[in-house]
1. Being crowded, with 16+ Cβ neighbours inside 10 Å and under 14 Å from the mean Cα position of the chain (by Cα) is the filter; apply it to region 250-261 and report the residue that is farthest from ALA190 (Cα to Cα).
2. Starting from region 37-63, keep only residues that are within 23 Å of ALA97 (Cβ to Cβ) and part of a loop (DSSP other than H, G, I, E, B), then list their pairs with residues that are at pLDDT 95 or above and of a type in the set (Asp, Glu) whose Cβ atoms are within a distance under 9 Å, requiring at least 6 positions of separation or different chains.
3. Keeping to region 64-92, report how many residues are more than 19 Å from PHE113 (Cβ to Cβ) and touching a Lys or Arg at 6+ places or on another chain (Cβ under 9 Å).
4. If you go through region 239-251 one residue at a time, do you hit one that is β-branched (Val, Ile, Thr), in contact (Cβ under 8 Å) with a residue 24 or more places away in the chain, in contact with a helix residue (DSSP H, G or I) (Cβ under 7 Å, 6 or more places away or on another chain) and within 30 Å of LEU127 (Cβ to Cβ)?
5. Could you say whether any residue in region 208-217 is surrounded by 15 or more Cβ atoms within 10 Å (Cβ to Cβ), small (Gly, Ala, Ser) and in a helix (DSSP H, G or I)?
6. Take PRO63 and decide whether it is within 19 Å of ILE252 (Cβ to Cβ) and either of a type in the set (D, E, K, R) or surrounded by fewer than 19 Cβ atoms within 10 Å (Cβ to Cβ) (or both).
7. Does THR43 qualify as being under 13 Å from the mean Cα position of the chain (by Cα), surrounded by fewer than 19 Cβ atoms within 10 Å (Cβ to Cβ) and at negative phi?
8. In this structure, does ALA190 turn out to be without any contact (Cβ under 8 Å) to a residue 24 or more places away in the chain, out of contact with any Phe, Trp or Tyr (no Cβ under 7 Å at 6 or more places or on another chain), surrounded by 13 or more Cβ atoms within 10 Å (Cβ to Cβ) and within 30 Å of LEU30 (Cβ to Cβ)?
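The values are calculated or read from the model by the stated rules, or taken from the named source; none is laboratory data. None of these values were measured; they are calculated from a predicted model. Cβ atoms come from the backbone with ideal geometry, glycine included; neighbour counts cover every protein chain shown.
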Amino acid sequence: MDELTGMQGHFAKVAGVYREMRTTDEEPILHIRDQLAGRPAVTAADIGCGAGRYDLLLFRHIPDLRLACLDVSREMLAELSRHLARNGIHDFETINANVEEMAFEDESLDCVFTFNAVHHFDFPLFLAKAGRAIRKDGQIFIYTRTPDQNAGSVWGRHFPGFREKETRLYRLEEVEGWIGETGRLRMISATTFRYARTSSLERLLEQARSRHYSTFFLYGEAEFEKACQTFEDAVRRRFGDPAEVAWHDQNILLQIGRTDA
């Protein structure tokens, strides 16, 4: 079984609980809203949209948004459609495709978004396709985490093997190089968001066992259970109250535009 097939199976399994297991940050959406202020309408695409947790926020904060939601997982798209419809949102379409199959018309979009998904993509290919799809004044917004940010999380610090297994994340220097190589795109900004998190050990273990990060899919079953026990022991030693586990997460939002804008 190749990694893509394996990951598709993983996301099919977790689609029904994914929104409940993941933390959704509103701050980058507010930042994007401010960057798009003044546009009377926004035609956009969210690539690797998952179950729609960020798409609901986009609709709540960006006026007159028309959104194409693209994901390789049919199960995730079905969850997204139900989620948005339950919240009275209907001005969207779903596209079941991967980045290789992504085929928006040239200069047809004001924005391309991707949230916590770009590490699943061929980054230069994504940039090339998104760069062709955005209009002259269009923007690409990429919300992700770097390897260093990943290592600083509660999982990177305390869950055995988490940092070592997660090799898919991109360093900012790599991204800047790929943007420069396109010849048509430029980095506008790279904004770091830092979040104070608090959770219970019970909730953290529930998230891990629900594979809320696809990194956990990379463990064998016996290895994963052993890592969960080691994680639990480490957290109990490190934090006085297992109901109040506190740490900081960091993510980065990249804003990219065309060189001829």
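1. Of all residues in region 250-261, those crowded, with 16+ Cβ neighbours inside 10 Å come to 251-258.
This time we only want the ones that are under 14 Å from the mean Cα position of the chain (by Cα), so: 251-254.
Values: ASN251: 10, ILE252: 7, LEU253: 6, LEU254: 5 Å.
Looking at residues that are crowded, with 16+ Cβ neighbours inside 10 Å and under 14 Å from the mean Cα position of the chain (by Cα), I get ASN251.
2. That search, which allows pairs on different chains as well, returns GLY48/ASP71; CYS49/ASP55; CYS49/ASP71; GLY50/ASP71; ALA51/ASP71; GLY52/ASP46.
3. Summing the residues that are more than 19 Å from PHE113 (Cβ to Cβ) and touching a Lys or Arg at 6+ places or on another chain (Cβ under 9 Å) in region 64-92 gives 1.
4. Of region 239-251, the ones β-branched (Val, Ile, Thr) are 245.
Checking the rest, the ones that are also in contact (Cβ under 8 Å) with a residue 24 or more places away in the chain come to 245.
Next cut, in contact with a helix residue (DSSP H, G or I) (Cβ under 7 Å, 6 or more places away or on another chain) only: 245.
So of that shortlist, the ones also within 30 Å of LEU127 (Cβ to Cβ) come out as none.
Looking for residues that are β-branched (Val, Ile, Thr), in contact (Cβ under 8 Å) with a residue 24 or more places away in the chain, in contact with a helix residue (DSSP H, G or I) (Cβ under 7 Å, 6 or more places away or on another chain) and within 30 Å of LEU127 (Cβ to Cβ), one finds none in region 239-251, hence no.
5. Start the filter on region 208-217 by keeping residues that are surrounded by 15 or more Cβ atoms within 10 Å (Cβ to Cβ), which leaves 208, 210-217.
After this cut, where a residue has to be small (Gly, Ala, Ser) as well, the list is 208, 210, 214.
Subset that is in a helix (DSSP H, G or I): 208, 214.
Checking region 208-217: at least one residue is surrounded by 15 or more Cβ atoms within 10 Å (Cβ to Cβ), small (Gly, Ala, Ser) and in a helix (DSSP H, G or I).
6. Answer is no for this residue.
7. On the way: under 13 Å from the mean Cα position of the chain (by Cα): no; surrounded by fewer than 19 Cβ atoms within 10 Å (Cβ to Cβ): yes; at negative phi: yes.
Considered against the rule, which asks whether it is under 13 Å from the mean Cα position of the chain (by Cα), surrounded by fewer than 19 Cβ atoms within 10 Å (Cβ to Cβ) and at negative phi, THR43 comes out as no.
8. Values: without any contact (Cβ under 8 Å) to a residue 24 or more places away in the chain: no; out of contact with any Phe, Trp or Tyr (no Cβ under 7 Å at 6 or more places or on another chain): yes; surrounded by 13 or more Cβ atoms within 10 Å (Cβ to Cβ): yes; within 30 Å of LEU30 (Cβ to Cβ): yes.
It is false that ALA190 is without any contact (Cβ under 8 Å) to a residue 24 or more places away in the chain, out of contact with any Phe, Trp or Tyr (no Cβ under 7 Å at 6 or more places or on another chain), surrounded by 13 or more Cβ atoms within 10 Å (Cβ to Cβ) and within 30 Å of LEU30 (Cβ to Cβ).
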